[in-house]
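Written out below as structure tokens is the structure these notes cover.
The values are calculated or read from the model by the stated rules, or taken from the named source; none is laboratory data. None of the values given here were measured: they were computed from a predicted structure. Positions of Cβ are backbone-derived with ideal geometry, glycine not excepted, and every protein chain shown enters the neighbour counts.
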Amino acid sequence: MQSKFKLLMQDVDAVIARDPATKNRTEAFLLSSGLHAILIYRFSHYLWRKKFRLTSRIISQIGRFLTGVEIHPGAKIGKGFFIDHGMGVVIGETTEIGDNVTLYHDVTLGGTTVFDEHGKVMTKRHPTIGNNVIIGSGAQVLGPILIGNNAKIGSNAIVTKDVAANTTVMGLAAHKVEVLKKNSKQFRAYGFDEKTQESISTDDLYKEIKALRQELDELKSFVSLSKN
């Protein structure tokens, strides 16, 4: 019981430490929707581990209705977890989150369909987040990937590959990666699977951005010469 109370206090103190608008534990308990979502998750997760699966899912849905934050009771979340502003956060069933992690609003830790070497769907579908990770608002972290300790993910980034520890990643522009057969009705969670995931090349995107910047510089030089 003492350990559960200590875990609860660590969640509360995380709000105070990382939200300048929250001055004390009373304010955190009363006013932090992210904390409310975490407290409800802790209870539903306890029931999930005790095999009260339906009850835990119902409580999770109540928490979603009250806070706008959806955390599957099967997810594993460490101490000092903080959701700033709450609202729109989605954390899937096989997600694993380390200690002292911070999420901002509209973050998705989502699952994708991944197959093993025998063609069977793997049970681990969601990301594993290390300790002291910060994930900015609107970021989408998808699939059974690993986000290393102390990593930072910028707002609205789309992350589908592992991120090394102590690394900051930002952004991902949409681009064509494949053309499906006409009238294809294959379902793909979040719009892609491991095959399309492999075709996403960050290096190609950086090269494209570099080329666009070069063209922009050349255009600026041309305009400058025209004025002179």
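Things worth noting here:
- Applying the condition of being at pLDDT 70 or above and of a type in the set (Val, Ile, Thr) to region 198-228 and asking which residue is farthest from PRO144 (Cα to Cα) yields VAL223.
- Residues of region 46-92 that are assigned to a helix (DSSP H, G or I), surrounded by fewer than 16 Cβ atoms within 10 Å (Cβ to Cβ) and of a type in the set (Phe, Trp, Tyr): TYR46, PHE65.
- LEU146 falls short on exactly one of the conditions (1) crowded, with 21+ Cβ neighbours inside 10 Å; (2) within 25 Å of ALA165 (Cβ to Cβ); (3) not hydroxyl-bearing (Ser, Thr, Tyr), and that condition is (1).
- Of all residues making up region 55-64, the number that are of a type in the set (Val, Ile, Thr) and in contact (Cβ under 8 Å) with a residue 12 or more places away in the chain: 2
- Hits in region 65-82 - residues which are without any contact (Cβ under 8 Å) to a residue 60 or more places away in the chain and under 23 Å from LYS124 (Cα atoms): VAL69, GLU70, ILE71, HIS72, PRO73, GLY74, ALA75, LYS76, ILE77, GLY78
- Within region 107-125, tally of residues that are within 27 Å of ASP19 (Cα to Cα) and touching a His at 6+ places or on another chain (Cβ under 9 Å): 2
- Within the set LEU31, LEU7, LEU66, the sole residue that is under 22 Å from GLU96 (Cβ atoms) and out of contact with any strand residue (DSSP E or B) (no Cβ under 8 Å at 6 or more places or on another chain) turns out to be LEU7.
- Unmet requirement for THR55, which otherwise passes all of (1) among the hydroxyl-bearing types (Ser, Thr, Tyr); (2) modelled with pLDDT of 95 or more; (3) out of contact with any Leu (no Cβ under 8 Å at 6 or more places or on another chain): (3)
- Residue pairs whose Cβ atoms lie under 9 Å apart, separated by 6 or more positions or on different chains, with the first residue in region 15-39 and in a loop (DSSP other than H, G, I, E, B) and the second at pLDDT 95 or above and of a type in the set (Phe, Trp, Tyr), are ASP19/PHE82; SER32/PHE82.
- Subset of region 126-161 (residues that are in contact with a helix residue (DSSP H, G or I) (Cβ under 8 Å, 6 or more places away or on another chain) and either assigned to a loop (DSSP other than H, G, I, E, B) or under 20 Å from ALA14 (Cβ atoms) (or both)): GLY143, THR160, LYS161
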